[in-house]
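Shown next, in C-alpha coordinates, is the structure this report addresses.
The values are calculated or read from the model by the stated rules, or taken from the named source; none is laboratory data. Because the structure is predicted, anything quoted here is derived from the model rather than measured. Methodologically, a virtual Cβ is constructed for each residue, glycine included, from the backbone with ideal geometry; neighbour enumeration extends over all protein chains shown. SASA here: full protein model, heavy atoms, side chains in, ligands and nucleic acids out. Shrake-Rupley method; radii C 1.70, N 1.55, O 1.52, S 1.80 Å.
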Amino acid sequence: RSCSFTGFSTVQSRKLAKSLSRSSVRSRMSLKPPKAYNSLQKGALIWDPKPLQVKKIFEALKKGLNEYLEAHQAELDYLSGRHKDTKRNSRLEIISYIAFSLFPLQKQIRSVERYIRKLEFHISKVEELYEAYCIQCRLRDGATNMKQAFSLSPATKASRESLVELYRNVQECTEDMCFIEGALEVHLGEFHVKMKGLVGFARLCPGDQYEVFVRLGRQKWRLKGKIETDDSQTWDEEEKIFIPNLHEKFEIKVTELRGLATILVGVVTCDSINFFTTKPQAIIVDITELGTIKLRLEVLW
(Lines give C-alpha, C1' and ligand atoms only; values in the text may rest on other atoms or scores of the structure.)
Protein backbone atom coordinates (compact mmCIF):
# COMPACT_ATOMS: atom_id res chain seq x y z
CA ARG A 1 0.00 0.00 0.00
CA SER A 2 2.85 2.37 0.81
CA CYS A 3 4.39 1.88 -2.60
CA SER A 4 1.23 2.86 -4.39
CA PHE A 5 1.14 6.25 -2.69
CA THR A 6 4.79 7.28 -2.49
CA GLY A 7 4.54 8.74 -5.96
CA PHE A 8 1.79 11.14 -4.91
CA SER A 9 3.34 14.59 -5.11
CA THR A 10 3.46 17.01 -2.22
CA VAL A 11 1.84 19.68 -4.39
CA GLN A 12 -1.13 17.42 -5.06
CA SER A 13 -1.51 16.58 -1.40
CA ARG A 14 -1.46 20.25 -0.45
CA LYS A 15 -4.06 21.02 -3.13
CA LEU A 16 -6.27 18.28 -1.71
CA ALA A 17 -5.82 19.63 1.80
CA LYS A 18 -6.72 23.16 0.68
CA SER A 19 -9.81 21.94 -1.19
CA LEU A 20 -10.96 20.05 1.89
CA SER A 21 -10.40 23.13 4.01
CA ARG A 22 -12.49 25.28 1.66
CA SER A 23 -15.33 22.77 1.82
CA SER A 24 -16.22 23.56 5.42
CA VAL A 25 -19.99 23.37 5.59
CA ARG A 26 -20.31 26.21 8.10
CA SER A 27 -18.67 28.62 5.68
CA ARG A 28 -21.29 27.80 3.01
CA MET A 29 -24.47 27.25 4.99
CA SER A 30 -26.40 29.76 7.06
CA LEU A 31 -27.16 27.80 10.20
CA LYS A 32 -28.19 28.90 13.67
CA PRO A 33 -25.68 29.03 16.52
CA PRO A 34 -24.57 25.65 17.87
CA LYS A 35 -26.40 26.20 21.15
CA ALA A 36 -29.70 25.65 19.31
CA TYR A 37 -28.85 22.01 18.64
CA ASN A 38 -28.92 19.09 21.06
CA SER A 39 -25.86 17.44 19.50
CA LEU A 40 -23.65 20.43 20.26
CA GLN A 41 -24.80 21.20 23.78
CA LYS A 42 -22.48 20.81 26.73
CA GLY A 43 -21.78 17.20 27.56
CA ALA A 44 -22.73 15.81 24.13
CA LEU A 45 -20.32 13.65 22.15
CA ILE A 46 -19.67 16.00 19.26
CA TRP A 47 -16.68 14.05 17.94
CA ASP A 48 -18.52 10.85 17.14
CA PRO A 49 -20.79 11.25 14.08
CA LYS A 50 -22.80 8.17 13.09
CA PRO A 51 -23.46 8.22 9.33
CA LEU A 52 -25.41 4.93 9.25
CA GLN A 53 -27.79 6.03 12.01
CA VAL A 54 -28.22 9.45 10.39
CA LYS A 55 -29.08 7.75 7.10
CA LYS A 56 -31.78 5.63 8.78
CA ILE A 57 -33.32 8.65 10.51
CA PHE A 58 -33.16 10.74 7.34
CA GLU A 59 -34.96 8.08 5.28
CA ALA A 60 -37.64 7.62 7.96
CA LEU A 61 -38.05 11.40 8.35
CA LYS A 62 -38.34 12.00 4.62
CA LYS A 63 -40.86 9.17 4.27
CA GLY A 64 -42.97 10.60 7.10
CA LEU A 65 -42.86 14.14 5.70
CA ASN A 66 -43.92 12.84 2.28
CA GLU A 67 -46.83 11.02 3.92
CA TYR A 68 -47.97 14.31 5.46
CA LEU A 69 -47.50 16.04 2.11
CA GLU A 70 -49.59 13.43 0.26
CA ALA A 71 -52.35 13.59 2.88
CA HIS A 72 -52.62 17.37 2.68
CA GLN A 73 -52.41 17.31 -1.11
CA ALA A 74 -55.37 14.90 -1.14
CA GLU A 75 -57.23 17.25 1.22
CA LEU A 76 -56.47 20.19 -1.08
CA ASP A 77 -57.74 18.27 -4.12
CA TYR A 78 -60.96 17.46 -2.27
CA LEU A 79 -61.51 21.07 -1.17
CA SER A 80 -60.72 22.36 -4.67
CA GLY A 81 -63.30 19.98 -6.08
CA ARG A 82 -65.91 21.25 -3.65
CA HIS A 83 -64.99 24.81 -4.56
CA LYS A 84 -65.59 24.12 -8.25
CA ASP A 85 -68.95 22.53 -7.47
CA THR A 86 -70.15 25.66 -5.64
CA LYS A 87 -69.38 27.79 -8.68
CA ARG A 88 -71.67 25.65 -10.88
CA ASN A 89 -74.79 26.35 -8.82
CA SER A 90 -77.56 28.56 -10.06
CA ARG A 91 -77.60 32.33 -9.54
CA LEU A 92 -80.34 32.11 -6.88
CA GLU A 93 -78.41 29.56 -4.84
CA ILE A 94 -75.04 31.29 -5.11
CA ILE A 95 -75.92 33.88 -2.46
CA SER A 96 -76.40 31.24 0.20
CA TYR A 97 -73.20 29.44 -0.91
CA ILE A 98 -71.22 32.67 -0.62
CA ALA A 99 -72.60 33.35 2.84
CA PHE A 100 -72.28 29.87 4.30
CA SER A 101 -69.90 27.81 2.18
CA LEU A 102 -67.78 29.58 -0.42
CA PHE A 103 -65.83 32.05 1.72
CA PRO A 104 -64.98 29.59 4.54
CA LEU A 105 -64.02 27.05 1.88
CA GLN A 106 -61.62 29.49 0.19
CA LYS A 107 -60.09 30.30 3.55
CA GLN A 108 -59.59 26.59 4.27
CA ILE A 109 -58.02 26.04 0.84
CA ARG A 110 -55.54 28.89 1.39
CA SER A 111 -54.66 27.47 4.81
CA VAL A 112 -53.93 24.02 3.36
CA GLU A 113 -51.90 25.56 0.52
CA ARG A 114 -49.75 27.46 3.03
CA TYR A 115 -49.17 24.29 5.03
CA ILE A 116 -48.17 22.38 1.88
CA ARG A 117 -45.63 25.08 1.02
CA LYS A 118 -44.19 24.82 4.53
CA LEU A 119 -43.92 21.05 4.19
CA GLU A 120 -42.21 21.34 0.81
CA PHE A 121 -39.70 23.81 2.27
CA HIS A 122 -39.18 21.51 5.26
CA ILE A 123 -38.44 18.55 2.98
CA SER A 124 -36.06 20.58 0.80
CA LYS A 125 -34.19 21.82 3.90
CA VAL A 126 -33.79 18.28 5.25
CA GLU A 127 -32.55 17.07 1.87
CA GLU A 128 -30.09 19.98 1.67
CA LEU A 129 -28.70 19.22 5.12
CA TYR A 130 -28.33 15.51 4.41
CA GLU A 131 -26.63 16.18 1.08
CA ALA A 132 -24.12 18.44 2.84
CA TYR A 133 -23.66 15.74 5.49
CA CYS A 134 -22.87 13.10 2.85
CA ILE A 135 -20.34 15.43 1.20
CA GLN A 136 -18.53 15.99 4.49
CA CYS A 137 -18.62 12.25 5.19
CA ARG A 138 -16.98 11.45 1.84
CA LEU A 139 -14.39 14.19 2.34
CA ARG A 140 -13.57 12.86 5.79
CA ASP A 141 -13.21 9.30 4.45
CA GLY A 142 -10.93 10.58 1.66
CA ALA A 143 -8.78 12.57 4.05
CA THR A 144 -8.58 9.59 6.43
CA ASN A 145 -7.42 7.28 3.65
CA MET A 146 -4.83 9.84 2.53
CA LYS A 147 -3.61 10.23 6.10
CA GLN A 148 -3.15 6.48 6.44
CA ALA A 149 -1.32 6.33 3.11
CA PHE A 150 1.10 9.14 4.04
CA SER A 151 1.76 7.53 7.42
CA LEU A 152 3.07 4.45 5.56
CA SER A 153 5.27 6.45 3.21
CA PRO A 154 8.90 7.41 4.03
CA ALA A 155 9.05 10.12 6.68
CA THR A 156 10.05 13.41 5.11
CA LYS A 157 9.39 17.03 5.94
CA ALA A 158 6.83 17.27 3.12
CA SER A 159 4.99 14.11 4.24
CA ARG A 160 4.92 15.33 7.85
CA GLU A 161 3.43 18.65 6.74
CA SER A 162 0.84 16.79 4.65
CA LEU A 163 -0.06 14.58 7.61
CA VAL A 164 -0.61 17.59 9.83
CA GLU A 165 -2.79 19.25 7.20
CA LEU A 166 -4.78 16.09 6.55
CA TYR A 167 -5.30 15.52 10.28
CA ARG A 168 -6.66 19.06 10.56
CA ASN A 169 -9.03 18.39 7.65
CA VAL A 170 -10.30 15.16 9.21
CA GLN A 171 -11.06 17.05 12.42
CA GLU A 172 -12.79 19.83 10.51
CA CYS A 173 -14.97 17.44 8.50
CA THR A 174 -15.87 15.54 11.67
CA GLU A 175 -16.87 18.77 13.40
CA ASP A 176 -18.95 19.82 10.40
CA MET A 177 -20.73 16.45 10.38
CA CYS A 178 -21.62 16.85 14.04
CA PHE A 179 -22.80 20.39 13.33
CA ILE A 180 -25.12 19.15 10.58
CA GLU A 181 -26.41 16.36 12.82
CA GLY A 182 -27.46 19.03 15.28
CA ALA A 183 -29.13 21.02 12.50
CA LEU A 184 -31.05 17.94 11.37
CA GLU A 185 -32.36 17.38 14.89
CA VAL A 186 -34.17 20.71 14.71
CA HIS A 187 -36.30 19.27 11.87
CA LEU A 188 -37.33 16.03 13.62
CA GLY A 189 -40.51 17.43 15.19
CA GLU A 190 -42.05 16.07 18.42
CA PHE A 191 -43.20 12.73 19.78
CA HIS A 192 -46.42 12.88 21.81
CA VAL A 193 -46.31 9.76 24.00
CA LYS A 194 -49.53 8.63 25.72
CA MET A 195 -49.72 6.13 28.55
CA LYS A 196 -52.18 3.32 27.78
CA GLY A 197 -51.47 1.14 30.78
CA LEU A 198 -49.93 -2.18 31.72
CA VAL A 199 -51.10 -5.55 30.48
CA GLY A 200 -50.35 -8.47 32.76
CA PHE A 201 -53.40 -10.70 33.05
CA ALA A 202 -52.89 -12.67 36.29
CA ARG A 203 -49.76 -10.71 37.19
CA LEU A 204 -51.73 -7.49 37.81
CA CYS A 205 -53.83 -7.52 40.96
CA PRO A 206 -56.04 -4.83 42.54
CA GLY A 207 -53.98 -2.60 44.81
CA ASP A 208 -50.69 -3.13 42.96
CA GLN A 209 -48.73 0.06 42.34
CA TYR A 210 -46.19 0.58 39.61
CA GLU A 211 -43.76 3.25 38.50
CA VAL A 212 -42.87 3.69 34.83
CA PHE A 213 -39.76 5.62 33.89
CA VAL A 214 -39.29 6.62 30.23
CA ARG A 215 -36.07 8.26 29.07
CA LEU A 216 -34.98 9.64 25.69
CA GLY A 217 -31.49 11.06 26.02
CA ARG A 218 -31.71 13.70 28.74
CA GLN A 219 -35.51 13.85 28.61
CA LYS A 220 -37.27 11.92 31.37
CA TRP A 221 -40.83 10.96 32.22
CA ARG A 222 -41.64 9.35 35.56
CA LEU A 223 -45.24 8.37 36.32
CA LYS A 224 -46.97 6.22 38.91
CA GLY A 225 -50.05 4.07 38.51
CA LYS A 226 -52.35 1.86 40.53
CA ILE A 227 -54.50 -1.16 39.71
CA GLU A 228 -58.05 -0.49 40.94
CA THR A 229 -60.54 -3.03 42.27
CA ASP A 230 -62.41 -3.13 38.96
CA ASP A 231 -59.10 -3.90 37.14
CA SER A 232 -58.93 -0.38 35.71
CA GLN A 233 -55.73 1.64 36.05
CA THR A 234 -55.16 5.21 37.21
CA TRP A 235 -51.96 7.10 36.36
CA ASP A 236 -50.84 10.47 37.66
CA GLU A 237 -49.85 11.54 34.11
CA GLU A 238 -51.17 10.48 30.74
CA GLU A 239 -49.08 12.27 28.12
CA LYS A 240 -45.56 13.58 27.62
CA ILE A 241 -43.86 15.38 24.73
CA PHE A 242 -40.38 14.19 23.74
CA ILE A 243 -38.04 15.92 21.30
CA PRO A 244 -36.46 13.19 19.14
CA ASN A 245 -32.75 13.10 18.42
CA LEU A 246 -30.55 11.16 16.06
CA HIS A 247 -28.69 8.79 18.35
CA GLU A 248 -30.79 8.02 21.42
CA LYS A 249 -33.40 5.28 21.84
CA PHE A 250 -36.33 5.19 24.24
CA GLU A 251 -35.40 3.48 27.50
CA ILE A 252 -38.33 2.15 29.53
CA LYS A 253 -38.02 0.93 33.11
CA VAL A 254 -40.89 -0.49 35.16
CA THR A 255 -40.73 -1.06 38.92
CA GLU A 256 -43.34 -2.36 41.35
CA LEU A 257 -43.89 -0.33 44.51
CA ARG A 258 -44.43 -2.35 47.69
CA GLY A 259 -44.46 -0.05 50.67
CA LEU A 260 -40.99 1.38 51.03
CA ALA A 261 -39.46 -1.29 48.79
CA THR A 262 -39.23 -1.27 45.02
CA ILE A 263 -38.94 -4.37 42.84
CA LEU A 264 -37.53 -4.07 39.33
CA VAL A 265 -39.95 -5.60 36.82
CA GLY A 266 -37.87 -4.99 33.69
CA VAL A 267 -35.96 -2.59 31.45
CA VAL A 268 -36.34 -2.39 27.66
CA THR A 269 -35.20 -0.11 24.84
CA CYS A 270 -37.27 0.95 21.86
CA ASP A 271 -36.02 2.49 18.61
CA SER A 272 -37.81 5.65 17.41
CA ILE A 273 -37.29 5.19 13.66
CA ASN A 274 -40.76 3.69 13.11
CA PHE A 275 -42.50 6.65 14.79
CA PHE A 276 -41.98 9.09 11.91
CA THR A 277 -45.40 8.54 10.36
CA THR A 278 -48.73 10.33 10.11
CA LYS A 279 -50.74 7.75 12.06
CA PRO A 280 -50.50 7.19 15.82
CA GLN A 281 -48.34 4.18 16.57
CA ALA A 282 -49.53 1.73 19.21
CA ILE A 283 -46.57 0.19 21.03
CA ILE A 284 -46.74 -2.93 23.17
CA VAL A 285 -43.38 -3.86 24.69
CA ASP A 286 -42.54 -6.88 26.84
CA ILE A 287 -41.29 -5.64 30.18
CA THR A 288 -40.47 -9.10 31.52
CA GLU A 289 -38.45 -11.65 29.60
CA LEU A 290 -41.41 -14.04 29.34
CA GLY A 291 -43.81 -11.26 28.37
CA THR A 292 -46.02 -11.74 31.41
CA ILE A 293 -46.18 -7.95 31.86
CA LYS A 294 -46.41 -5.64 28.88
CA LEU A 295 -46.54 -1.86 28.60
CA ARG A 296 -48.88 -0.17 26.16
CA LEU A 297 -47.98 3.27 24.78
CA GLU A 298 -49.19 5.36 21.89
CA VAL A 299 -46.82 7.66 19.98
CA LEU A 300 -48.02 10.45 17.70
CA TRP A 301 -45.43 12.34 15.64
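Condition test on Ile241, is it of a type outside the set (Gly, Ala, Ser), out of contact with any Pro (no Cβ under 9 Å at 6 or more places or on another chain) and not assigned by the TED database to the domain that holds His122?
Numbers: of a type outside the set (Gly, Ala, Ser): yes; out of contact with any Pro (no Cβ under 9 Å at 6 or more places or on another chain): yes; not assigned by the TED database to the domain that holds His122: yes.
So Ile241 fits the description; yes.
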Check: Restricting to the range 137-166, what's the tally of residues that are without any contact (Cβ under 8 Å) to a residue 60 or more places away in the chain, of a type in the set (A, V, I, L, M, F, W, C) and surrounded by 14 or more Cβ atoms within 10 Å (Cβ to Cβ)?
Finding: 1
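For (1) at pLDDT below 90; (2) of a type in the set (A, V, I, L, M); (3) outside the structural domain of Thr278 (by the TED database), each residue gets a yes or a no:
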{"position": "Leu65", "(1), (2), (3)": "no, yes, yes"}
{"position": "Glu70", "(1), (2), (3)": "no, no, yes"}
{"position": "Ser80", "(1), (2), (3)": "yes, no, yes"}
{"position": "Ile94", "(1), (2), (3)": "yes, yes, yes"}
{"position": "Tyr97", "(1), (2), (3)": "yes, no, yes"}
{"position": "Leu102", "(1), (2), (3)": "yes, yes, yes"}
{"position": "Lys107", "(1), (2), (3)": "yes, no, yes"}
{"position": "Arg110", "(1), (2), (3)": "yes, no, yes"}
{"position": "Ile116", "(1), (2), (3)": "no, yes, yes"}
Next item on the list: Could you list all residues from the range 114-127 that are touching a residue at least 24 places away in the same chain (Cβ under 8 Å) and either under 21 Å from Glu59 (Cβ atoms) or out of contact with any helix residue (DSSP H, G or I) (no Cβ under 7 Å at 6 or more places or on another chain) (or both)?
Entry: Leu119, Glu120, His122, Ile123, Lys125, Val126, Glu127
Notebook entry, point to check: So which residues in the range 244-301 are open to solvent by 20 Å² or more (accessible area, probe 1.4 Å) and aromatic (Phe, Trp, Tyr), if there are any at all?
Noted result: Trp301
Checklist line | Unique residue being of a type in the set (A, V, I, L, M, F, W, C) and in contact with a strand residue (DSSP E or B) (Cβ under 6 Å, 6 or more places away or on another chain) when the list is Ile243, Ile273, Ile283 | finding: Ile283
Margin query: Can you tell me which of (1) loosely packed, with under 14 Cβ neighbours inside 10 Å; (2) among the charged types (D, E, K, R); (3) within 29 Å of Leu52 (Cα to Cα) is the one Asp231 doesn't meet?
Written below: (3)
Next item on the list: Considering each residue of the range 127-140, count those that are in contact with a Pro (Cβ under 9 Å, 6 or more places away or on another chain) and either among the acidic types (Asp, Glu) or under 15 Å from Leu163 (Cα atoms) (or both), and give that number.
Entry: 1
Notebook entry, point to check: Does the range 178-186 contain at least one residue that is under 27 Å from the mean Cα position of the chain (by Cα), modelled with pLDDT under 95 and surrounded by fewer than 19 Cβ atoms within 10 Å (Cβ to Cβ)?
Noted result: yes
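Just wondering, is there one or more residues in the range 230-244 that are of a type in the set (A, V, I, L, M) and without any contact (Cβ under 8 Å) to a residue 40 or more places away in the chain? Write out each step before concluding.
Going residue by residue through the range 230-244, those that are of a type in the set (A, V, I, L, M) are 241, 243.
With the extra rule that they be without any contact (Cβ under 8 Å) to a residue 40 or more places away in the chain, the set shrinks to none.
No, the conditions are met nowhere in the range 230-244.
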Next item on the list: Can you confirm whether the range 184-197 contains a residue that is outside the structural domain of Ile135 (by the TED database) and over 30 Å from Leu65 (Cβ atoms)?
Entry: yes
Check: Counting just the residues of the range 118-155 that are charged (D, E, K, R) and within 27 Å of Glu172 (Cα to Cα), which one comes out modelled with the lowest pLDDT?
Finding: Lys147
Next item on the list: Tell me which residues, restricted to the range 167-177, are surrounded by fewer than 24 Cβ atoms within 10 Å (Cβ to Cβ) and either in contact with a His (Cβ under 7 Å, 6 or more places away or on another chain) or touching a residue at least 60 places away in the same chain (Cβ under 8 Å) (or both).
Entry: Arg168, Glu172, Thr174, Glu175
Notebook entry, point to check: Is the range 241-258 home to any residue that is of a type in the set (S, T, N, Q) and within 24 Å of Gly189 (Cβ to Cβ)?
Noted result: yes
